[in-house]
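The values are calculated or read from the model by the stated rules, or taken from the named source; none is laboratory data. These figures come from a predicted structure and were not determined experimentally. Cβ sites come from the backbone with ideal geometry, for glycine too, and all protein chains shown count toward neighbours. SASA here: full protein model, heavy atoms, side chains in, ligands and nucleic acids out. Shrake-Rupley method; radii C 1.70, N 1.55, O 1.52, S 1.80 Å.
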Amino acid sequence: MKPENLNTKIFLDSGDPAETKLVLEKLGFLDGQTTNPSLFAKNPEVQARITSGNKYSKGEVYEVYKSIVQEVSGLLPNGSVSIEVYADTNTPVEEILSQAREMNTWIPNAHIKLPVTKTGLEAAEILAKEGMRLNMTLVFSQEQAAAVYSATFRANKGQIYLSPFIGRLDDRGEDGMSFIKNVLEMHKAGDGHVEVLSASVRTYSHFMQCLKLNCDIATVPAKVLLEWAEKGCEMSEENWQYDKGELKTLEYEQVDLNKNWREYNIQHDLTDQGLEKFAKDWNNLVQ
Ligand code: E4P
């Protein structure tokens, strides 16, 4: 049951419609779902086909992805469903644009995921003006977040999601939750056209802290949402504190939101590595 004082939209982070059904059943609601190439590759039907040694043609892989997101969209007709374009370091902007436009026709409630790279931002600038709903992914720095804000300036509220990744910062000893806090703080100076979608949530305490910080959206693995359902969809106690353990706090940086997006430093090693991993997982499905 949805708590009355919940200010965060709850998304499932999964490429498997069976998980959508299960979480909906146990939780009673879901505001949306995010997918990515790695989650799509983990879908049980996709896995079964690949382990049988039967890879897809390039056309087929898009068709299978389409049928999965269509099933999810049917389960969450009033929610948002994120679909991620294939992009490696050599993918030209024209190809990102054509994939995004095609994927956007698959379902009526899509947010199209683009990486926060130079070509991803070039595409975002164009597509946001066309009114497309976007989810800018693989975000690991405030400068990247500011570049998204600037490239999509004048978009409507709810049109643009920004996905900062918590767990992948934790993986290298940096406190991902402190990054979420910084991004939320930075956006206080903005006009609200970008919603912060906390991603790479790995643990129950990540999730509790997302709720405590009042993130606009949190995308959460089924395992964590099922635990939350079992605990009666609790909200954290007033005096509950997130324990970052040994992780290094990322200090807040003063970043001006009002520059041209091309003036920000958008390089980040984790974005490069993330792009590579998504491309590898996708390519592994294709003949
Ligand atoms: C969702 O939008 C993200 O792609 C996902 O949360 C990444 O999670 P991971 O870092 O656990 O792979």
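For the reader, a short list of remarks on this structure follows.
- Residues satisfying the stated conditions in segment 102-118, i.e. without any contact (Cβ under 8 Å) to a residue 40 or more places away in the chain, assigned to a loop (DSSP other than H, G, I, E, B) and either exposed (fewer than 15 other Cβ atoms within 10 Å of the Cβ) or among the hydrophobic types (A, V, I, L, M, F, W, C) (or both): Thr105, Ile107, Pro108
- Within segment 243-256, none of the residues are at pLDDT below 95 and over 21 Å from Ile112 (Cβ atoms).
- Taking helices (runs of 4 or more DSSP H) as the structural unit, those lying wholly within segment 27-93 and holding at least 2 residues that are modelled with pLDDT of 95 or more and more than 19 Å from the chain's Cα centre (by Cα) correspond to 44-51, 58-75.
- Looking only at residues in segment 245-257 that are open to solvent by 70 Å² or more (accessible area, probe 1.4 Å) and under 24 Å from the mean Cα position of the chain (by Cα), the one that is farthest from Ala189 (Cα to Cα) is Lys248.
- Tabulated pairs, segment 169-182, first farther than 14 Å from Arg202 by Cα, second in a helix (DSSP H, G or I) and of a type outside the set (Ser, Thr, Tyr), C-beta under 6 angstrom, 6+ apart or interchain: Phe179/Leu169; Asn182/Gln142
- Residue ID - nearest to the ligand (Cβ to nearest atom), chosen from residues in segment 16-72 that are hydroxyl-bearing (Ser, Thr, Tyr) and either crowded, with 22+ Cβ neighbours inside 10 Å or touching a residue at least 60 places away in the same chain (Cβ under 8 Å) (or both): Thr34
- For segment 176-208, a tally of residues being open to solvent by 10 Å² or more (accessible area, probe 1.4 Å), within 16 Å of the ligand (Cβ to nearest atom) and part of a loop (DSSP other than H, G, I, E, B) returns 3.
- Consider segment 87-101 and keep the residues that are open to solvent by 50 Å² or more (accessible area, probe 1.4 Å) and without any contact (Cβ under 8 Å) to a residue 60 or more places away in the chain. The one that is nearest to Ala128 (Cα to Cα) is Arg101.
- Residue within segment 209-231 that is more than 29 Å from Pro37 (Cα to Cα) and either in a loop (DSSP other than H, G, I, E, B) or within 16 Å of the ligand (Cβ to nearest atom) (or both) present: yes
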